[in-house]
């Protein structure tokens, strides 16, 4: 086992035991002497002004320390820039307690600080607030004609706007042998990680704080706090060792962080602010969208015309965008395209990336339209995808760095038994149940970003690697430990990965499935540099048998360095440390993706999902009986944690297709089902047989590891595969998600 | 959540004494709904009287008249899995197990199940008008998002639904609710226990604030040969019924001797139409006869913007469930939980 590379091993989560036994501490579980508790009060109107907040009655309650509102908050940074963060869209970031203006329902308007959480919450419930309401709009569908082009900004770099029209779409479409037009409507969704948002700010003295925060980016929060409160970055430490799910909700600093730090600095006390489940619906969400597609195909089944337009909701203060319409022409090489994306600002909080943002939205429209086109042309849906297989990315006219999607189709179909499918809708049944098979293609960009890592050979001769990156539950700790272990040929027990702390070397926010590529590459670079340093020290040792050895002559194994030509020669790391005057050997390095090389390639993970549904013919009830997802994502570092990511994504896809929706009442501008009893996600009884295949894929271009992230790709193809299966079972195409069973009556 | 006083009652008399003359006192047993209501500030109580330590009413026992008495403080889980209930009243067992989650059923008591409040979104959101929560403010569900709301027995003041599964079976079984209070003991037929909203939607039932349910009596007839509970909902577990049906049939020589059909998810109380049950008497158990009964049961149903589907769905569910009652094996382990 020692000699096996750790990369590729199905290692169980290293922190798994701590998490399931409750010893893992989360942001809201750190204590400090004299800790105070904050509870947030949220607006109950959607737009207007706060006329008055009567804080006196509340302040008289024994144990209530302070009530912060826009009227008594400290004066803070002035410019929008200072409130910005790594994931801020173009516009003006929301500033808690800035002034009397209400921009959206649920906006935080006061923080009550008390000796206990219960007291703060009670005080919040009796705080009297009077408002002057103004008219507002939250209904995307009824205002879609008012949509406009999005503003450009820094965020546009990672989220490119649609490519320009190509060819002559209208002519090609009208000349097509088969045409399909459709509209797709998606509602709002909320991330709903199980861990509630919380910040514990430890007051360390004048201008200095240690912050335990639920976030996907420790340094992102450190910079945000430093900028707003005018603190030296070195005096702001943000720690986030465990994150109980985030799914994008922690990509930006949330208002509990701001309020907790503000109160701690003002009161010169340590303070914790925890949001409750309802308050999780008062910031970021997946925006509702309206998509329209028009696809046309030649008589030989080749898609020649693609028109995909999307309108997404955003807030009035920021232009949050998603990449929705760029995908279709990367996946299917049509010559004539019109791809358009617009925004509609509404009186809501800014939307926020939620697992597979844009991609999971787009795939429903693209893959349902493709399915319908295949049906019209009487071509098997998978065959239709193969006919339209893109060997290069025609939208950018460049090759893929690697693409084993064809194998995903073939291996997925084989495992699923796709050949058993009778092409006729409503043709397969089991008792009074209609049976449907559906499939869809999945696609997710494989990005990488610069990051740093530190690698240390410790005095014990062990390896310690560190990065400020978080582990949002995906297995980051485990896979980074595996990657690091191979650098020095060590067993996992001799490797420590330190993370989740802004004091550690720079890592970007954890999202977009780019953490593995980004931080993993930084560890590889640091590992390589450390090897060089260690070898140098070893060569300098007295009578070193490695004196004349070069990099290529040695192997890092068995806790030391050995000679390839003579395995009996082994200098242990411990010996090298002793020779180094018992001091550790350290290096910090930056990994910077080779942009000049990478820009010549389209880099993406691919998948194919196959789904069987059973639908009660009289009652409409829907069950996803089984599903297979085949994924091509380059080198799989840890098949166990990667499989968990894909399974989680597939279940999320079931949720998106059949259950999940935030219900809005546009008369009030409020979300009505702000709890996990009424915001439905699949229960265990809704999840049946799921299977994952990782298709072998070699990618020597993408990064040092040849690995693409798998956080999102498992979700992308599932919802359309389910809705296509429902069509196959019933002959009904429901293009509004989630699909309620009564629509099949 | 507002502060409250807490008192632990050692017997029923003490519990009643604690709450006497205090309109704002609440009895707490399992607390599976009350705690939520307190946290959401939907209900306030200046005093919680804990009745879990009352020694009586913790048993399920056979009565001398042939029926069975369910202690009010027995948990839903213990009731559903009790040998007497599983063997003699399997319809009740099925209905209980279709509700909530295992964890909640382990806490929730039989008395409390009758007293759970609606799951109407607007009732739970104090920022919106609701006649049930604050009489006179209006009904937000009418004209709002009303997919989960009622289609039978509604009023212009309230279209909320009573969410219990257990009570649908109790209605079908014609249970009797035994109550005690400052003015002594009384009993109420199950059909009279819950109310329709009418002009008083803030009142869910006819229990007075200072009264306690002590037990529920099941009559001898348990329909243990031909029964079925069907729950249709948006996911397979931990969701309230959009439509549910409890059916008990007594068959003789392929004729229906007696039929009981109660519906959940459609009204402010479990819904039964005796005329429809009478219609089935002495008829063959056929789909067309059940369909005719379904029409009678749904007579007068009126849908709102998002819930008209419930009317047709309920009719189909009645027919399916009555057919399933002919073959109760269809509900044995391995069968889909909701079907």
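Nothing in this text is a laboratory measurement; each read-out follows from the coordinates by a stated rule. All values derive from a computational prediction rather than experimental measurement. Don't worry about glycine lacking a Cβ; one is built from the backbone with ideal geometry, like all the others, and counts go over all protein chains shown.
The table below lists the values:
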item: R0 of 60 Å, Cβ-Cβ distance residue A:143-residue A:540: FRET efficiency to nearest 0.05; result: 0.25
item: FRET efficiency for residue A:528 and residue A:568, using Cβ-Cβ distance with R0 set to 25 Å, rounded to 0.05; result: 0.45
item: Three-way shape call for the stretch A:486-611 based on the alpha-carbon gyration tensor, with the a/c threshold at 1.5; result: prolate
item: Prolate/oblate/rounded label for the stretch B:1-124 (Cα gyration tensor, a/c 1.5); result: oblate
item: Normalised contact order of the stretch A:291-367, rounded percent, pairs of Cα under 8 Å and 6 or more residues apart; result: 35
item: Projected label distance in nm at residue B:220 and residue A:170, using a 7 Å step from Cα toward the beta-carbon; result: 8.3
item: Ascending count of other beta-carbon atoms within 10 Å, so fewest first, for A:219, B:216, A:126; result: A:126, A:219, B:216
item: Between the stretch A:300-369 and the stretch A:97-174, the Cα center-to-center distance that results, in Å; result: 19
item: Residues A:447, A:354 arranged by fewest to most Cβ contacts within 10 Å; result: A:447, A:354
item: Calculated [θ] (222 nm, deg cm²/dmol) that DSSP helices of n ≥ 4 give over chain B, each run adding -39,500 (n - 2.57); result: -7000 deg cm²/dmol
item: Highest-MSF residue in chain B out of B:23, B:258, B:250 [GNM, Cα springs under 10 Å]; result: B:23
item: Normalised contact order of chain B, rounded percent, pairs of Cα under 8 Å and 6 or more residues apart; result: 17
item: For the stretch B:110-171 versus the stretch A:521-593, the gap between their alpha-carbon centres in whole angstrom; result: 71
item: Percent RCO, i.e. relative contact order, over the stretch B:226-331, from Cα pairs under 8 Å lying at least 6 residues apart; result: 29
item: Choice from B:308, B:93, B:215 showing the highest fluctuation, given a GNM over chain B with Cα pairs closer than 10 Å; result: B:308
item: Residue-averaged beta-carbon neighbours from other chains (10 angstrom radius) around B:312-320; result: 3
item: Helical contribution to [θ] at 222 nm, DSSP H n ≥ 4, -39,500 (n - 2.57), averaged over chain A, rounded to 500; result: -7000 deg cm²/dmol
item: Shielding of A:120-129 by partner chains, average beta-carbon count, 10 Å; result: 2
item: Cα shape, the stretch B:5-50, gyration tensor, a/c 1.5 rule; result: oblate
item: Residue with peak Gaussian network fluctuation, chain B [Cα springs, cutoff 10 Å], from B:33, B:41, B:205; result: B:41
item: Packing-based ranking, highest mean first, of B:161-171, A:449-459 given that Cβ atoms within 10 Å are counted; result: B:161-171, A:449-459
item: Residue B:203-residue B:252 FRET efficiency (beta carbon distance; Förster radius 30 Å; 0.05 resolution); result: 0.15
item: Cα-based Kirkwood hydrodynamic radius, the protein assembly as shown, one decimal, Å; result: 31.8
item: Paramagnetic label zone (point 7 Å from Cα along Cα-to-C-beta, residue B:63; backbone N under 18 Å) in the stretch B:176-199; result: B:176-181, B:185-194
item: Test item: B:235-242 mean partner chain Cβ contacts at 10 Å; result: 5
